[in-house]
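Working notes, structure below.
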C-alpha cells in the first residue's frame, strides 16, 4: 500500500465529517427557566441532536447576544449549549465551525420574533412583533431571491422565497414549534476565527418560535 493510499480513508472520513456537519444547523429552544434557552446542533425535523462525543464539539466560540447587544453567558452540556441572560427580548446565539478548506460556517440562531431590529449578520426580521412576514437582512441590507425553509408540526416543511426586496411571508398551519432556516454564502467575507484564517463565510440563520 502506498503512503497516499494509507491516508485515503482518513481523508474520506474528514470529508464525510465536514459534509455532515455542514448539513446541520443550530436552533434555539426556550427552557422552562425565564431568560434561559438551549441551543441544539443537528436536524430538527429528524430529531437529530449532536453530542460532545460527535459533531457538537466542532462548534467553537459560542456567544449569546441580549436585546441590548451585551454578551450572554453560554455553558456547554453533552447535547446542547445553554444561554442564560435577561428574561426579556428574543434570544440569540453566535457560534461557528471552520472547516479545513477555509470556509467558516457561522451559525446565528434566534428564538422569538418580538424584536423588529436585526442583531445578527444574517437575520429574518419580522415586520411587526409575532408577524409571519419578514425581511431577510445581511449586514443591514435586504437579500433577494433566497430560499427560506420552514419546519413545523407534524414534521412538516415548506420552502418559501424572498422577493426582490428581501421580503417573505410564511404560513404556520398548526399550533406548536416552528424552526425557520435560511443560508447564504459570502465568498468575499474572510477574516480570522479563533486565530485561524478563513476566506469565505457560510451564514446559517434560524428562527424558532411557538404558535399557540
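The conditions of being over 14 Å from the mean Cα position of the chain (by Cα) and modelled with pLDDT of 90 or more are met by residue 98.
Hey, any hits in region 104-111 for a residue that's outside any strand (DSSP E or B) and touching a residue at least 12 places away in the same chain (Cβ under 8 Å)? No, every residue in region 104-111 fails to be outside any strand (DSSP E or B) and touching a residue at least 12 places away in the same chain (Cβ under 8 Å).
Give the residues of region 142-187 that are under 19 Å from the mean Cα position of the chain (by Cα) and at positive phi, sorted by residue number. Those that are under 19 Å from the mean Cα position of the chain (by Cα) and at positive phi: 155, 166. When 83, 98, 58 are checked against the criterion of being in contact with a helix residue (DSSP H, G or I) (Cβ under 8 Å, 6 or more places away or on another chain) and crowded, with 16+ Cβ neighbours inside 10 Å, a single residue qualifies: 58. Within the bounds of region 168-179, is there any residue that is at pLDDT 95 or above and under 19 Å from residue 64 (Cα atoms)? Yes, some residue in region 168-179 is at pLDDT 95 or above and under 19 Å from residue 64 (Cα atoms).
The values are calculated or read from the model by the stated rules, or taken from the named source; none is laboratory data. Source: prediction; values computed, not measured. So basically every Cβ, Gly included, is an ideal-geometry build from the backbone, and we count neighbours across all protein chains shown.
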